[in-house]
Every structure is written in C-alpha cells, then in structure tokens.
1. State, to one decimal in nm, how far the label point of residue 48 lies from the label point of residue 79, with both points 7 Å from Cα in the Cβ direction.
2. Rounded to the nearest 0.05, what FRET efficiency do residue 151 and residue 8 have when you use their Cβ-Cβ distance and R0 = 35 Å?
3. Between (1) 18.5; (2) 20.4; (3) 25.8, which entry matches Kirkwood radius over Cα pairs in Å as derived from the coordinates of this structure?
4. Just from its helices, what would the mean residue ellipticity at 222 nm be for the chain, if runs of 4 or more DSSP H residues each count -39500 (n - 2.57) and the sum is divided by every residue, rounded to the nearest 500 deg cm²/dmol?
5. Taking 0.36 nm per residue of sequence separation and subtracting the Cα-Cα distance, how much length would be gained by fully extending the chain between residue 39 and residue 18, in nm to one decimal?
6. Assuming R0 = 45 Å, can you tell me the calculated FRET efficiency for the pair residue 216 and residue 56, based on Cβ-Cβ distance, to the nearest 0.05?
7. Of all DSSP beta bridges located in the chain, what percent are antiparallel, nearest 5?
8. Can you work out the FRET efficiency for the pair residue 93 and residue 192, with r the C-beta to C-beta distance and R0 = 30 Å, to the nearest 0.05?
Amino acid sequence: MPANPKPALFRRPAIFHAFPGLIAAESTRHGGVSPPPYASLNLGWNTDDQPENTAENRRRFLAAAGIPQGRLATSHQVHGREVLLAREPGHYEGYDALITNQKGIFVAVGTADCTPILIYDLAREAVAAIHAGWRGTVQEVAKAALQAMQREFGTQPEACHAYIGTSIDQDNYEVDEHVAQHFAPGHKREDTGRGKWFVSLKGENKAQLLAMGVPEGQVEVSPYSTWAHNEDYFSHRKENGTTGRMLAVIGLRTGHFQVARKKTKP
C-alpha cells in the first residue's frame, strides 16, 4: 500500500483532471463535525449519527467540491444492479447505479468498503456513479450501468473515462468459497489452511470495464484501501459495522461546454 499523506475533505481522481467542466470527488473521513465512531465527515444518512451532523457534513463537502446544495441524486442502495436515469436531483430507492446527461445534476453513491465507480462519457457528456460490493460486482452492476448509458445516451465505451475508487483491499477482504467462486482466478486467492478466500473488488470491476471496451489507459484505480488506510476512510469491516460513509460524486457544471485540455509535450 502507498504512503497516504492526510487528505482534505476529498480527493479528485486524476483521470478526470483534463475535463474542466466535470466535477468528480471522493470524500475522506476528514473535515466534518461527527463524533466517534462516525468521526468526522460522515456523509451517510443511514447511520445512527445525528441527522444535523450529517447535514452539516454534506454541506461542507459539497461546498468544498464546488457542487451547489440540493443538486445531488442519490439512492438507498440494495447491493443489486438496477440503474436509475436521474433526470432530477433527489434521494431514490433501490438503485446501485445512477446515470445522467443533465448538467447540474450530480450523481453519487455511498460506501464504506464497497467499491465506488465513476464514469464519464466525453463524447455524449454523460456520467455514472456506481456502488459495487461483492453482490453488485458479481451481478456486473458496472456493466449494467454502461449498457444503460448506451441505451439512453448512445454512449460508446471507448469514449469513457472511469475511476475505480477506494474500497477494501484484497489482502483484507476475506470471503467464503460461495462468494469467491464468482471471481476470476486472477482476482482471488485461497487460504487453504483456514478454508477462506480473499477477493479483489477493484480488480474484478476493472476487468468488467475493460471487457465492455473501456480502454485500459482511461481507467484509474485508487491505490488506497478503506481497511489499510482506515485513518482516512471509513471501513465497515474494520470498524465492526459502526462507522460513517463516504460519497463518490460526479457531474457536469451547468453552462459549460466540455472540452478536454490538450496535453502539452514536456
């Protein structure tokens, strides 16, 4: 695992730096008002944290990221593969992926070990936010989101840039054989002495994006782990189920025609 200098309220994925009209951010656990065990930037509504703390944390996070208040589209996640076409901001029920091509709507997913995935289609100016735990991963929720973008917007995977965000790392994600059997050989290893397996959510989801046609050079994978870097990220497993939630969010600013910055030669 890499050294992890203490971040601010969020990190911006490098894969999206070339697109000035795009806002994409993945929150940390720093900079909020929640007390332990939710310290401190808990952005999840479905915890026992005080609602006023979560509301203030969200206000701080959105302000720092440059996202207007009241413009988020989120969902109560159910570890499935249903995809919401978000035409309006709001909180929905039963979706683990949200897509939109509406500027000024910012789709977001909450995590605390599961993998957040953000996708930007440069050609169609459309975005997706995806929540992929092991259930969503084996149900290929990322593939379902890309297919929905193809149907709704005419998205072609080769025009997409993707960020596979901070989640639990393979060395610390222990599962039983009935879970491991759904993962490719390169994304799991067996501890024969204990009868347990360790699987890679990041690796499996990246493989799905590549299989759909997203170029490998247009996929960024977070080097950080919710477990190994628990001082900076919430981990449901490491903190025994009582912890906060991060948000991964993506969307396009209103009134901005998107043009990628040209790379200059050194």
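None of the figures in this text is laboratory data; all of them are computed from the coordinates on show. No experiment lies behind these values; they were computed from the predicted model shown. Every residue, glycine as well, gets a Cβ built from its backbone with ideal geometry; the counts of neighbours run over all protein chains shown.
1. Here the answer is 2.0 nm between the modelled labels.
2. The formula returns an efficiency of 0.40 here.
3. (1)
4. Estimated from H runs of four or more residues: -5500 deg cm²/dmol.
5. 4.3 nm
6. The pair residue 216/residue 56 has a calculated efficiency of 0.65.
7. 70
8. 0.10
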